[in-house]
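Visitor: Here you go, one structure.
The values are calculated or read from the model by the stated rules, or taken from the named source; none is laboratory data. Nothing here was measured: the structure is a model prediction, and the numbers come from that model. Using ideal geometry, Cβ is built from the backbone for each residue, glycine included, and neighbour counts are taken over all protein chains shown. Each accessible area value is taken on the protein alone, full model and side chains, heavy atoms only, with ligands, DNA and RNA left out. Shrake-Rupley method; radii C 1.70, N 1.55, O 1.52, S 1.80 Å.
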Amino acid sequence: MRAYSWKSATVSTGILLAVAMLLSAAPAPPRPQAAQAATHEIALTLDPAQTKVHCTVDSTLHTVHGSFALKSGSLQFDPQTGKTTGTIVVNVLSGETGNSSRDQRMHKEILETWKFAEATFRPSQIDGQVSLTAPSDFKLKGIITLHGTDHELVADIHSEFAGDHWKGTAKFDVPYTKWGIKDPSNFLLKVKPVVNVELELSGSTKDAH
């Protein structure tokens, strides 16, 4: 009986060792596809027909509301590092406030759109986490070229992704007098030196790789 038990134990041990060797030689399970996709850069485009640029500035008499049209927009970002590239171009010539005489002065004397017809934003870095499956709030840093000069800009962004489409908003302030743009105030009307800008964003998205 002892000899039989010894032989059985030896056989069982051998079987266990063989199974262990087979398991150790088996390849590791593949990484989830979602985790791999998260490392890819994401390319976004803006649809000029669905993107709106709104501006407001307060004065002693009332709040002036204006709008501008988007000319083009595309950017690419890495969800892991936040590094961002691209260009967003606004057609400054399209600006209007609902008052023809005020608009004429805005284009001729304030924004000088006959000389500076476009405003361009070149993003460089996302500060915060961008989710591709849920609404996100983060900051987007970059350089805006307005009225012929470059300025650092940080915009507050809200984004929502759904399939190959995305939408969101961007908000930032423009201290235009500090940036060398003429103050439209006169002895009857005092205009605050900061314009509040909000963009309604909409476009398409795809994996950049």
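Visitor: Please work out whether segment 57-209 counts as rounded, prolate or oblate from its C-alpha gyration tensor, where a ≥ b ≥ c are the square roots of the eigenvalues and a/c under 1.5 means rounded, while otherwise a/b larger than b/c means prolate and anything else oblate?
Guide: The shape class here is prolate.
Visitor: Which entries in Lys139/Lys192; Lys83/Lys192; Lys52/Lys178; Lys71/Lys178; Lys71/Lys108; Lys83/Lys167 show an alpha-carbon gap greater than 29 Å?
Guide: In this structure, Lys83/Lys192 exceed 29 Å between Cα atoms.
Visitor: Per residue, how much accessible area does segment 80-209 have with a 1.4 Å probe, in Å²?
Guide: Result: 57 Å² of accessible area for each residue.
Visitor: I'd like the trypsin sites (Lys or Arg not before Pro) in segment 165-200 restricted to DSSP loop residues with at most 14 other Cβ atoms within 10 Å, sorted by number.
Guide: Listed in order of number, the matching sites are Lys178, Lys182, Lys190.
Visitor: Can you pull out the chymotrypsin sites (Phe, Trp or Tyr not before Pro) in segment 77-126 that DSSP calls coil and that have at most 11 other Cβ atoms within 10 Å?
Guide: Counting only loop positions with at most 11 other Cβ atoms within 10 Å, the chymotrypsin sites (Phe, Trp or Tyr not before Pro) in segment 77-126 are Trp114.
Visitor: In whole percent, and with a 1.4 Å probe on the protein chains, what portion of the accessible area of segment 151-209 is carbon and sulfur? Mind showing how you got there, number by number?
Guide: Numbers: 1920 of 3490 Å².
Carbon plus sulfur share of accessible area: 55 percent.
Visitor: Please compute the net charge surrounding Lys190, taking Lys and Arg as +1 and Asp and Glu as -1 over other residues with Cβ under 10 Å from its Cβ.
Guide: -1
Visitor: Right, something else. Explain nothing, just the number: relative contact order of segment 127-209, from Cα pairs under 8 Å at least 6 residues apart, as a whole percent. Show your work: numbers first, answer last.
Guide: Numbers: 144 pairs, mean separation 19.6, N = 83.
This gives 24 percent for segment 127-209.
Visitor: For Lys167 and Thr63, calculate 0.36 nm times their separation in residues minus their Cα-Cα distance, and state this gained length in nm to one decimal.
Guide: Taking Lys167 through Thr63 to full extension adds about 34.7 nm, to one decimal.
Visitor: When the accessible area of segment 56-137 is computed with all protein chains present and a 1.4 Å probe, what percentage of it is carbon and sulfur?
Guide: Ligands and nucleic acids excluded, carbon and sulfur give 52 percent.
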